[in-house]
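Peer 1: Sharing a structure, written as structure tokens. Questions coming.
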Amino acid sequence: MNKKETFHIQNQEIHIQGDPLVFWPSPHGTKALGGNIRINEGESVLDIGTGTGILAILAAKLGGKVFAVDILDEALECARRNAEMNGADVAFSKSDLFSTVSDGPFDVIIANVPQELLSPKIIDETEAEIVTGMHGGGDGSEALRRTLAKAKAHMAPNSRLYVVVYSMSGWRGSLEYIVKNYKVALLDFYSGAVKSFIYDDLEYYKNEDTIGMYLKGDEYWADIFVFELMLKD
Ligand SMILES: C[S@@+](CC[C@H](N)C(=O)[O-])C[C@H]1O[C@@H](n2cnc3c(N)ncnc32)[C@H](O)[C@@H]1O
């Protein structure tokens with residue numbers, strides 16, 4: 001039975017039906033971004049790594065003309081179904097980040113790309129599609145770094161790029177890259193308990209210096225920064 005939930009974000013009601021192989025909306029990335037993105041009526045929006053389609057559907061409900069991509073067929077199928085169920089007009093396409101995106105510049109780009117560092121043991125034990133949905137590559141920040149580098153070509157001077165930096169990845173490097181390359185507005189900052197899979201290989205994570213994970217009471221926590229980025233002048 002596929003998971004189902006109704007999300008309430010920015011006064012919009014969004015019905016989502018999941019798929020076991022597709023990333024389920026998370027408090028870390030999905031809700032943190034969803035609560036902070038600003039879309040004006042009629043703006044063109046690109047959603048990179050759409051997953052269940054939740055942020056694309058939100059953007060459409062907020063008045064955006066939305067184009068959404070994912071590298072996984074399962075995600076695109078799931079997102080198409082959800083868009084239809086919500087009466088949201090979203091165009092979908094398969095793409096490795098921006099590889100098949102020829103339109104633009106976009107007024108808004110939303111990119112909740114994978115940004116977890118998965119340990120070799122966890123990668124070994126997890127289905128490939130789930131790894132694709134979560135693992136950022138390298139120190140966990142490669143997908144974000146590639147996104148930040150490639151997004152510029154699809155932006156105009158007033159375009160806004162929305163991303164999160166999650167400290168369960170090479171977050172210091174991501175922050176440095178963002179500050180060097182973009183005009184930066186920090187929209188929000190959250191701290192929260194890490195996902196439960198971390199405890200399956202806790203020693204690996206405790207010894208991994210690149211990530212920012214800390215003990216709070218008897219739980220491990222991490223931090224999330226939510227950014228609105230614009231091209232530098
Ligand atoms: C962290 S999930 C976010 C899903 C959704 N945007 C959300 O906020 O719930 C990342 C998504 O990016 C997709 N993805 C991973 N690598 C990708 C790539 N190279 N190009 C496009 N999408 C990718 C995954 O399949 C997954 O659906």
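Peer 1: Where the eigenvalues come from the Cα gyration tensor of the range 187-233, what are the semi-axes √(5λ) of the equivalent ellipsoid, largest first, in whole Å?
Peer 2: 27, 13, 9
Peer 1: Here's a follow-up. Rank these by accessible area, largest first, 1.4 Å probe: K4, K195, K150. Each step should come with its number before you reach the end.
Peer 2: Working: K4 140, K195 45, K150 100 Å².
The ordering from most to least exposed comes out as K4, K150, K195.
Peer 1: Moving to a separate point now. Among DSSP beta bridges whose residues both lie in the chain, state the antiparallel percentage, nearest 5.
Peer 2: Values: 27 of 46 bridges.
Within the chain, antiparallel bridges account for around 60 percent of the total.
Peer 1: Also, quick follow-up: Starting from the coordinates of the alpha-carbon atoms of the range 72-135, obtain the Kirkwood hydrodynamic radius over all distinct pairs and give the value in Å to one decimal.
Peer 2: Details: mean 1/r = 0.0713 Å⁻¹.
About 14.0 Å for the range 72-135.
Peer 1: If each of K152 and M85 carries a label point 7 Å out from its Cα toward its Cβ, how far apart are those two points in nm?
Peer 2: In this crude spin-label approximation the distance works out to 4.0 nm.
Peer 1: Describe numerically, in nm with one decimal, the distance between label points set 7 Å from Cα along Cα→Cβ at S102 and at A193.
Peer 2: 4.9 nm
Peer 1: If you place +1 on the Cβ of every Lys and Arg, -1 on the Cβ of every Asp and Glu, and leave all else neutral, what size is the dipole of the chain about its Cα centre, to the nearest 20 Debye? It would help to have the intermediate numbers written out before the result.
Peer 2: Working: 22 positive and 34 negative charges, 161 e Å.
Rounded to the nearest 20 debye, it is 780 debye.
Peer 1: Could I ask something else about it? When Rg is the radius of gyration of the Cα atoms in the range 19-68 and Rh is its Kirkwood radius, what does Rg/Rh come to? Working shown, then result.
Peer 2: Working: Rg = 10.9 Å, Rh = 11.1 Å.
With Rh from the inverse mean 1/r over Cα pairs, Rg/Rh is 0.97.
Peer 1: Moving to a separate point now. Report, to two decimal places, the Cα Rg of the range 76-204 normalised by 2.2 N^0.38 Å (N = number of residues).
Peer 2: Details: Rg = 16.3 Å, N = 129, 2.2 N^0.38 = 13.9 Å.
Against the compact-globule rule of thumb, the ratio is 1.17.
Peer 1: In the chain, carbon and sulfur make up what percent of the accessible area (probe 1.4 Å)?
Peer 2: Values: 5270 of 10580 Å².
C and S fraction of accessible area: 50 percent.
Peer 1: Could you give the C-alpha radius of gyration of the range 130-172 expressed as a fraction of 2.2 N^0.38 Å, taking N as the number of residues it contains? Please report the intermediate quantities before stating the final value.
Peer 2: Details: Rg = 11.8 Å, N = 43, 2.2 N^0.38 = 9.2 Å.
Dividing the Cα radius of gyration by 2.2 N^0.38 Å gives 1.29.
Peer 1: Let me ask something else. Among G35, G133, H15, which residue has its Cα positioned farthest towards the positive end of the charge dipole of the chain, with +1 placed on the Cβ of Lys and Arg, -1 on the Cβ of Asp and Glu, and the dipole taken about the Cα centre?
Peer 2: Result: G35.
Peer 1: Hey, in the GNM for the chain with a 10 angstrom Cα cutoff, which one of E84, E203, E74 fluctuates hardest?
Peer 2: Checking each option, the largest mean-square fluctuation is seen for E203.
Peer 1: Based on the Cβ-Cβ distance of N2 and D233, what FRET efficiency does E = 1/(1 + (r/R0)^6) give at R0 = 41 Å, to the nearest 0.05? Please report the intermediate quantities before stating the final value.
Peer 2: On the way: r = 47 Å, r/R0 = 1.14.
The pair N2/D233 has a calculated efficiency of 0.30.
Peer 1: Bins of 10 Å, beginning at zero and ending with the bin holding the largest distance: percent of Cα pairs per bin for the range 1-95, please.
Peer 2: Calculated P(r), rounded to whole percents: 18, 57, 24, 1.
Peer 1: Given the rule -39500 (n - 2.57) for each run of at least 4 DSSP H residues, summed and divided by the residues of the chain, what is its mean residue ellipticity at 222 nm, to the nearest 500 deg cm²/dmol? All intermediate terms of the calculation are to be shown ahead of the outcome.
Peer 2: Details: 7 runs with 60 residues, N = 233.
Here the helix-only value at 222 nm equals -7000 deg cm²/dmol.
Peer 1: Sticking with this structure for a sec: How big is the charge dipole of the range 62-196 about its Cα centre, in debye rounded to the nearest 20, if each Lys and Arg gets +1 on its Cβ and each Asp and Glu gets -1 on its Cβ? Display every interim value, and only then the final one.
Peer 2: Details: 14 positive and 18 negative charges, 142 e Å.
So the dipole magnitude of the range 62-196 works out to roughly 680 debye.
Peer 1: Then there is this: Counting only DSSP beta bridges with both residues in the range 1-72, tell me the antiparallel percent, nearest 5.
Peer 2: Working: 6 of 11 bridges.
For the range 1-72, the DSSP antiparallel bridge percentage is about 55.
Peer 1: At a threshold of 8 angstrom on Cα-Cα distance, excluding pairs fewer than six apart, so keeping six or more, what relative contact order does the chain reach in percent? Please report the intermediate quantities before stating the final value.
Peer 2: Details: 495 pairs, mean separation 41.8, N = 233.
Over the chain, the number comes to 18 percent.
Peer 1: For the chain, how big is Rg over Rh, using alpha carbon atoms and the Kirkwood form of Rh? Before the final figure, lay out the partial values.
Peer 2: Working: Rg = 16.8 Å, Rh = 17.8 Å.
My calculation of the ratio gives 0.94.
Peer 1: Find the accessible area per residue for the range 42-136; the probe is 1.4 Å, ligands and nucleic acids are left out, and the unit is Å².
Peer 2: On the way: 3610 Å² over 95 residues.
Using a 1.4 Å probe on heavy atoms only, each residue of the range 42-136 averages 38 Å².
The values are calculated or read from the model by the stated rules, or taken from the named source; none is laboratory data. As the structure is a computational prediction, the values presented were derived from the model and not from experiment. Neighbour counts run over all protein chains shown; Cβ positions are idealised from the backbone, glycine included. These area figures cover heavy atoms from the full protein model, side chains too; ligands, DNA and RNA do not enter into them. Shrake-Rupley method; radii C 1.70, N 1.55, O 1.52, S 1.80 Å.
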